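What follows is calculated from the coordinates using simple rules that are stated; it is not laboratory data. Note that the structure is a prediction, hence the values are computed from the model and not measured. Cβ placement follows ideal geometry from the backbone for every residue including glycine, while neighbour counts extend to all protein chains displayed.
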Amino acid sequence: MLGIDPNPDLFGPAFVIGLANAGIFSVLAIALVLTYRISRTIGFVHYGIAVVGAYGYYHFTVEYTMPGWVALVVVLGIGAGVGAAYGLVMMNGRIAFLPPLTLSTVSIAAMLIIGAVATENFPVAPDVAISSSPFGDDSFRVWSFNVTAHRFACLLISVILVVFVSLYLNRTRAGVNVRAISDDVEAARWSGIRLYRIGVGSYAAAGAMAALAGALLAPLAGTDLSAILLVFFRALTVAVVGAFSSPALALFGAVVLSTVDSFATTSALGDINPATRESMIFAAMVLTAVAVAVFRNRNSPRTALAMRS
Amino acid sequence: MSENPYSRSRPLLSLVRQPLNLVGAVVAIGWIFFAPDYRVFTVTTGLIIGVLALGVMVMVGWAREINLAAAGVYATSLYLGSWVYRPGPNGWGHPLVIAIVVSVVIGILMMLAVALFSVRLSGVYVMVFTLGVQILVERIVFTQYRLTGGDQGLVTPSPKIFGYEVSSHDDRAFYLFVLSVVALVLMFLQRLRLSPYGRAIMLVGADQQAAVAVGVRPLKTKALAFAVCGALGGLAGILAATLYGSTPGTVNYTATTSLLWLSIAILGGFDSMAGVLLVAVAFQYIPLQLEKLHVNYQLLAGISLLAGVLCGSRGLGGRLQDLYRRLRFGPAAQRRSRRPSSFTAAAEVLARSDGLTELREIGPSDDVRQLALETLESWFPPRRTEPVALATEDIHLSFGGVRALRGASIEVPTGSFTGLIGPNGAGKTTLFDVVSGLTRPDRGTVRIFGSDVTRDQPWDRAALGMTRTFQTTRIVKELSVADNLLAGAGLRIRGSLAQFAVGMPAPWRQVREAEEAAWAIACLLDIERYWDERVGELEFSARRRTELGRALLSGPQILLLDEPTSGLDPASSGALIGLVRRLQADLGLTVLLVEHYVKAVLDGCDLVYVLAEGQILAHGEPGTIAADAQVQERYLGAGRGEATTGWRERLADPAGAGNRG
């Protein structure tokens, strides 16, 4: 009924494709994790910044004919700037003390505004405009499948980011300060933590990562907003796997999800229609989120209402 | 006791009493006879979106869960509902009523599916799940071109009401049809809001622990909010299908549209249905007027969301309500000063000149008290007669390596005023949490009137007659004192949602009785003059009494008070404990009081337990406890001699200081 008809010959290539694709949305997922760690909110704003990244990268490489790596650096700078500006707002006394759900609403508002400004200021034609990769057009043959340098670079970048963000959050004083801010902004301020320096810095880093994700997506999916939204949703899904707190688990979730996705799209499991595929991925996300919440609940005091996030 | 002048338990009457509502109704009907067709059509579209936004308001504003799937639910209902209604090869040709029911049921089922998985997780997960539903709809429903009609769309016939066809080409007739549906929706929501179901949704949204303490079932209540949201989304969908005459393109119902509609609900605010409707109409109307400026909808939604957040949870509608009240009745301070308290002034003399405080009984004047107690006699259930109201046996509880409770056993006699004291970290609040069901013990038994309730949920224990207050005040600051008090009345009111929705007299009679009881309790607690004021604007002591009043309105047999004087000055603390003592005697309550204000406990309680390091150190009458050497050493002070020596004497005696050093 689901159209599942496994083809073992395609398992290898499907795995390689999945692994190669994982890098794209794990970069965005790491940005979401970093934002969650500092504010206990979902950084919807990163969708807006990713749109800036994709549109900006396309615009700079195609309209201004900049070299790919230069455009990438410029886009990273813009992303960091937008992230820092957003961080300035979020650390502001009037906003910082709002409840997490309200802060998530602010994040949605910022996402809409930034996305609207990006699409207005970086007009693209046609709608789905593919630009060249900053890492060239070379490819490597792995398990009878050509992996492009772009995909390989994406995965490498995401692994490097996982290592750096994990070290930053768990092994540095600034990481401890980030956790303190997320627990209680006011207490953190009275403890002498420099809210603006730590907060704005973290948001700027997360913004740069989101813009990077958008720029990395541009050579693959172009400037199709629904494709960027889908990648953002995938990033949210894998961030849920890591309970929004572990970059390493987010990368792991990205690999698993991407592999499942590629198995479904490459006919390795038969001709599964897109609706069934999306349903399967969504169901996997829901079950993972419930499992993560139950696991966390078991490790906390047994309260009747402890499953609140 | 004066009569409550602000009764709202007749929901429709309370709407009609507001002059602004009447003016609004006249304007809503009258303006179409002077307006061009395209404006009438635009406002009709806005009203349909308003119906959907009212549903989002229930979920976002009342239950405080963000819904990012509004457009998906709306579009699914639109396409499936019009399929049911449309005759011919691309539909089933059923009557409009059937199509409406199908659309509403689809909306409810979709949101209940989200609720099933997400309400236990709550917060950010609801956001992620609803966004997932939106994307699923886009991938599954929007790709069924036979259902949606693709770019061409499919014709949907005009609605027929009692045999009369309301043509979608006749903008005024269709507007009046939609307006009448909006009126029915407003009527339903007004009744829901003032019913125990609506109040429960708001309390669960604001504070889940406070809600379960007065018997609200959190998951069912949140699921109800999700279902109402889905139902109104479905209703709006089928209305839109008949309005447009053909199915609109799927491009209109993406995730961005969901966010736009979310912003309508947030900007409108949870407290003003008219505000939400007005914002919805404005969102349709203003871009049309500013067509030349090419207003970007996404930008408009973003700015509106920000504005909504800056307006606070009561939104633009709430702000306008405040302005109206201020203009009509004057500033809050003036309004309060016009309403004298029914209390005596005894509280003012409680602080003695030597710096200590004296516990004196205070309360309302005798005639007010008598009338209030007569009202409450019929509200409270008959008192239980079992000798022991509450007992815990050998309660053990550890948090990781910390053993918070180590065999704590207490027995609270029925009708007694029992105190539980102990140093910080002794486990008092943990024991309270175990007793009230918020935390499950590792070992041990909790009994209420002899029944083992150890495995029962907090709301089941509340139904047995036990309620509690919290160390930090847990009230809904955005709501009035009346709404906060009445949120506790759910256990004492019987009636299904359908009965409340259609306005059956029996359940609404109970709501009126609840309102009378709430007024009586407000008079006993000296908060009746704040009746319609928002709790967030009151002083701390009044907030404390409001929380106590909410607990009392659930008609408890057993009342658990967790440090009710925390944060109060000595005079107010003494006054509050005296007031509680008197209420306990008047209402025949069994009270278990956790308190650090030891003098109040020793002066006021019949029985005192002392908890230290998770175990009961001593128990007995207050005099016995005060004289207990172990209690003195572990809690009351290092030794009687030192405790009675003033700090000036100790400083003046260097030898003594040296000894202690």
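Take the Cα atoms of the range A:102-173, build their convex hull, and give its volume per residue in Å³.
About 196 Å³ per residue, rounded to a whole number.
Given only helices, namely DSSP H runs of n ≥ 4 each adding -39500 (n - 2.57), what is the per-residue ellipticity at 222 nm of chain A, to the nearest 500 deg cm²/dmol?
Working: 12 runs with 214 residues, N = 309.
Helix contribution divided over all residues of chain A: -23500 deg cm²/dmol.
Grab the DSSP H runs of chain B that are 4 residues or longer, score each as -39,500 (n - 2.57), total them, divide by all residues and round the 222 nm result to the nearest 500 deg cm²/dmol.
Using -39500 (n - 2.57) per qualifying helix, the result is -17000 deg cm²/dmol.
Any idea what angle helix B:70-85 forms with the longest principal axis of chain B, computed on alpha-carbon atoms, 0 to 90 degrees, nearest 10?
50
Out of every Cα pair in chain A, what percent are spaced more than 36 Å from each other?
I get 18 percent for the Cα pairs in chain A exceeding 36 Å.
Compare the peptides A:116-124, B:47-55, B:135-143 by average per-residue count of other Cβ atoms within 10 angstrom and give them in order, highest first.
Ranked by mean Cβ neighbours within 10 Å, highest first: B:47-55, B:135-143, A:116-124.
With no solvent and one point on each alpha carbon, what is the Debye value of log10 I(q)/I(0) for the range B:36-326 at q = 0.08, 0.09, 0.10, 0.12 Å⁻¹?
Evaluating at q = 0.08, 0.09, 0.10, 0.12 Å⁻¹ gives log10 I(q)/I(0) of -0.32, -0.40, -0.50, -0.73.
If exposed means no more than 13 neighbouring beta carbons inside 10 Å and the site is in a DSSP loop, what's the longest run of chain A without any exposed chymotrypsin sites (Phe, Trp or Tyr not before Pro)?
A:144-309
Taking only the alpha-carbon atoms of the range B:8-112, what semi-axes of the equivalent ellipsoid follow from 5 times the gyration tensor eigenvalues under a square root, in whole Å, largest first?
Largest first, the range B:8-112 gives 29, 22, 14 Å.
Over 5 Å intervals from 0, what percent of Cα-Cα pairs in the range B:517-599 sits in each interval?
The calculated distribution, bin by bin, is 3, 14, 28, 27, 19, 9, 1, 0.
Over chain B, calculate the relative contact order: mean separation of alpha carbon pairs under 8 Å at least 6 apart, over the residue count, as a percent.
Values: 1202 pairs, mean separation 107.2, N = 661.
Value for chain B: 16 percent.
So what's the net charge close to B:F174: Lys and Arg +1, Asp and Glu -1, counting the other residues with Cβ under 11 Å from its Cβ?
-3
Two-decimal Rg/Rh of the protein assembly as shown from alpha-carbon positions, Kirkwood Rh?
Result: Rg/Rh = 1.01.
Given the range B:79-185, what whole percent of its Cα pairs are spread farther than 25 Å?
Numbers: 2131 of 5671 pairs.
Value for the range B:79-185: 38 percent of Cα pairs lie more than 25 Å apart.
Take every DSSP beta bridge with both residues inside the protein assembly as shown and express the antiparallel ones as a percent of the total, to the nearest 5.
65
Can you sort B:C523, B:C229 so the residue with the fewest Cβ neighbours within 10 Å comes first?
In increasing order of surrounding Cβ atoms, one gets B:C523, B:C229.
Students often get this wrong: which residues of the range B:69-99 have the backbone nitrogen under 13 Å from the point 7 angstrom along Cα-to-C-beta of B:A113?
Answer for this model: B:72-74, B:76-77.
Any idea what log10 I(q)/I(0) is at q = 0.20, 0.21, 0.24, 0.25 Å⁻¹ for the range B:230-321, Debye with uniform C-alpha scatterers and no solvent?
Log-scaled intensity ratios, in q order: -1.07, -1.15, -1.31, -1.33.
How long are the three semi-axes of the equivalent ellipsoid of the range A:7-166, in whole Å, if each is the root of 5 times an eigenvalue of the C-alpha gyration tensor, listed from largest down? Please list the in-between numbers first.
Numbers: eigenvalues 195, 91, 36 Å².
For the range A:7-166, the ellipsoid semi-axes come out as 31, 21, 13 Å.
Two-decimal Rg/Rh of the range A:81-224 from alpha-carbon positions, Kirkwood Rh?
Values: Rg = 18.8 Å, Rh = 17.7 Å.
Looking at the range A:81-224, the ratio lands at 1.06.
Only counting other Cβ atoms within 10 Å, I'd like A:R197, A:R173 sorted with the fewest neighbours first.
Values: A:R197 12, A:R173 9.
By the 10 Å Cβ count, ascending, the order reads A:R173, A:R197.
Mean Kyte-Doolittle of at least 0.5 plus a Cα span of 18 Å or more along the axis: flag which DSSP H helices in chain A meet both, please. Don't skip to the answer; put the middle values down first.
On the way: long enough: A:11-39 (40 Å, 1.68); A:45-58 (20 Å, 0.79); A:68-90 (32 Å, 1.98); A:100-121 (31 Å, 1.35); A:149-171 (32 Å, 1.65); A:201-221 (29 Å, 1.44); A:225-241 (24 Å, 2.44); A:247-265 (26 Å, 1.49); A:274-298 (36 Å, 0.84).
Passing helices, by number: A:11-39, A:45-58, A:68-90, A:100-121, A:149-171, A:201-221, A:225-241, A:247-265, A:274-298.
Where does helix B:96-118 land angle-wise versus the long Cα axis of chain B, in degrees 0 to 90, nearest 10?
Between the helix axis and the principal axis of chain B, the angle is about 40 degrees.
Which of the residue pairs B:K160/B:K222; B:K220/B:K477; B:K222/B:K477 have a Cα-Cα distance greater than 25 Å in the structure shown?
With Cα atoms farther than 25 Å apart: B:K160/B:K222.
Could you pull out which residues in the range A:166-191 have an amide N less than 14 Å from a spot 7 Å beyond the Cα of A:A248, following the Cα-Cβ vector?
A:166-171
Scale the Cα Rg of chain B by the rule-of-thumb value 2.2 N^0.38 Å and send over the ratio, two decimals. Show your work: numbers first, answer last.
Numbers: Rg = 29.2 Å, N = 661, 2.2 N^0.38 = 25.9 Å.
That ratio works out to 1.12.
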